[in-house]
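Taking it in order: structure first as structure tokens, then the write-up.
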Amino acid sequence: MREVLPQGRVNDRDNELTVFLQQLPARCDKAKQDLLQAQRASKYYRTRYGRGLEMRRRQYQQLLNLSDAELQMWARSRLRPVRNPMKPC
């Protein structure tokens, strides 16, 4: 809040809110950019240092050990229904 408000004394609450609301979109954009950068960094370090790789290997081994019927059930459980965009609801 102190960074957004101009230096000096603002006597009028309307002026204070106007200044705050004018700078709010830029602050929201910066917060969103910071969040995206943190997500990218997190993803980078997870992939770089192999975190989660062991779990993926275990899941892959479990899939290899499944019977055909169990594998079909697993595959069907992963399907998501898709609606026809040309057909009205």
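Derivation of every value follows stated rules applied to the coordinates shown; laboratory data play no part. Note that the structure is a prediction, hence the values are computed from the model and not measured. Positions of Cβ are generated from backbone atoms using ideal geometry, with glycine treated the same way; all protein chains shown enter the neighbour counts.
Observations on the model:
- Rounded tilt (10° steps) of 68-78 against the dominant C-alpha axis of the chain: 20 degrees
- Listed values for segment 24-39 are Karplus-derived 3J(HN,Hα) couplings in whole Hz (6.51 cos²θ - 1.76 cosθ + 1.60, θ = phi - 60°), namely 4, x, 5, 5, 5, 4, 5, 5, 5, 4, 4, 5, 5, 5, 5, 5, and x replaces Gly and Pro.
- For segment 41-48, backbone phi angles converted through the Karplus equation (6.51, -1.76, 1.60; θ = phi - 60°) give residue-by-residue couplings of 5, 4, 5, 4, 5, 5, 6, 5 Hz, Gly and Pro being listed as x.
- All aspartates and glutamates inside 17 Å of Lys30 as judged from Cα atoms, apart from same-chain residues fewer than 8 positions distant: Glu3
- For segment 12-20, Karplus couplings with θ = phi - 60° (6.51, -1.76, 1.60), whole Hz, Gly/Pro x: 9, 5, 4, 5, 4, 5, 4, 4, 4
- In degrees, nearest ten, helix 53-65 long axis to first principal axis of the chain (Cα): 30 degrees
- Where chymotrypsin sites (Phe, Trp or Tyr not before Pro) fall in DSSP loop in segment 12-70, at most 16 other Cβ within 10 Å: Tyr49
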